[in-house]
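Data first, discussion second: the structure below is written as structure tokens.
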Amino acid sequence: MEGGEWRKQARRVSVSRNGFYACPGFRTGEMRKTCGEIDALFCASWSCITTNDGEWKWATKPWYITMSFVQRCTRTRYSKTCNLVRIKFEDAAKSDNHWISGLTWGLYLYQKPLYGIPIQIKLIVNPITAPVAVGPNQVLSETRKPLVPAPREPQPRAPKSTSPPLISTSSKYTPSAQNITRRPLDLGIGDRLLNLIKGSYFALNQTKPEFTSSCWLCLATGPPYYEGIASTNNFTNSADPTGCAWEQQRKLTLAEVSGSGTCIGQVPPSHQHLCNVTLTVPSSNHYLVPSETDW
């Protein structure tokens, strides 16, 4: 066996024997001051350690996860895979939403000189089924960009005169603006929908202007774009709109839906595959308030 390879194997055995320890990097309060920041890998005090393994292993109080060797290297077993580390999640921590943004630990090998690295564990949510596009809307097959209104040409002003106006005695007919028949513009669907939205806002502003502050009237053409995840949670038929989460300021940019869930009303055949169950629209004129996790 060559010297370089022998040293690698001896190194693996040494790592298994001495072991490692790890400290969470998301402490709060006094423990955050005690454990330090990333420069100390959050292990500035022995009290910060929550998991470890090796021949020097000692009792710790697990927090969120525990780490351990899958199989330690020995003098007779020193393959490249013998020092893999198993991560086990504590049951109480599995439902924590912080996994989505990622949680960081500092990990040290128990040796001299110290060697450590930060590690981050992050939850990546993949849909069970591929997202299904909501559109394109077949009604909008004629869609064209809205027409850009032409700038108004400046009208020449008549020069001021100090003489009395002349009275015309000619019987020749002069057409007025009211008698000119204008050819209607060839509007596409985009212009017609835009005019419909403008008309809706105008009608609401003239009758009940407070209605236009509700988020269901907010149209957004820019990011962020939202993807719908179908839900089977229950909803409440209520006359109180406070549970509708208007303050979240969601926008109507929904382009895709993942999974299948509860549908309400008459669902077109092209979207019935998104429905686990279809409910009729309640006859009462109330709000359908979703659960706390839905919108």
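The values are calculated or read from the model by the stated rules, or taken from the named source; none is laboratory data. Only a predicted model underlies this, so the values are computations on that prediction, with no experimental measurement involved. Note: ideal-geometry Cβ built from the backbone for every residue, glycine included; neighbour counts use all protein chains shown.
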Suppose we filter R86, R77 for residues that are at pLDDT below 95, over 37 Å from the mean Cα position of the chain (by Cα) and among the charged types (D, E, K, R); which single one remains? R77
Have a look at R32, R12, R27 and point out the one that is without any contact (Cβ under 8 Å) to a residue 12 or more places away in the chain and either touching a strand residue (DSSP E or B) at 6+ places or on another chain (Cβ under 7 Å) or not polar (S, T, N, Q) (or both). R32
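When you scan region 110-131, how many residues do you find that are under 30 Å from G228 (Cα atoms), at pLDDT 85 or above and in contact with a strand residue (DSSP E or B) (Cβ under 8 Å, 6 or more places away or on another chain)?
Start the filter on region 110-131 by keeping residues that are under 30 Å from G228 (Cα atoms), which leaves 120-131.
Subsequent filtering for residues that are at pLDDT 85 or above retains 120-123.
The next check asks that each one be in contact with a strand residue (DSSP E or B) (Cβ under 8 Å, 6 or more places away or on another chain); those that pass are 120-122.
Summing the residues that are under 30 Å from G228 (Cα atoms), at pLDDT 85 or above and in contact with a strand residue (DSSP E or B) (Cβ under 8 Å, 6 or more places away or on another chain) in region 110-131 gives 3.
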Checked F42, F20 against criteria (among the aromatic types (F, W, Y) and touching a helix residue (DSSP H, G or I) at 6+ places or on another chain (Cβ under 7 Å)); the one match is F42
Going residue by residue through region 22-33, is there one that turns out to be at pLDDT 95 or above, in a helix (DSSP H, G or I) and closer than 22 Å to F89 by Cβ? no
Can you report the number of residues in region 27-44 which are within 19 Å of M67 (Cβ to Cβ), surrounded by 14 or more Cβ atoms within 10 Å (Cβ to Cβ) and of a type outside the set (D, E, K, R)? 5
If a residue must be hydroxyl-bearing (S, T, Y) and surrounded by 17 or more Cβ atoms within 10 Å (Cβ to Cβ), how many such residues does region 69-84 contain? 1
T104, sole failed condition from (1) of a type in the set (S, T, Y); (2) exposed (fewer than 12 other Cβ atoms within 10 Å of the Cβ); (3) assigned to a strand (DSSP E or B): (2)
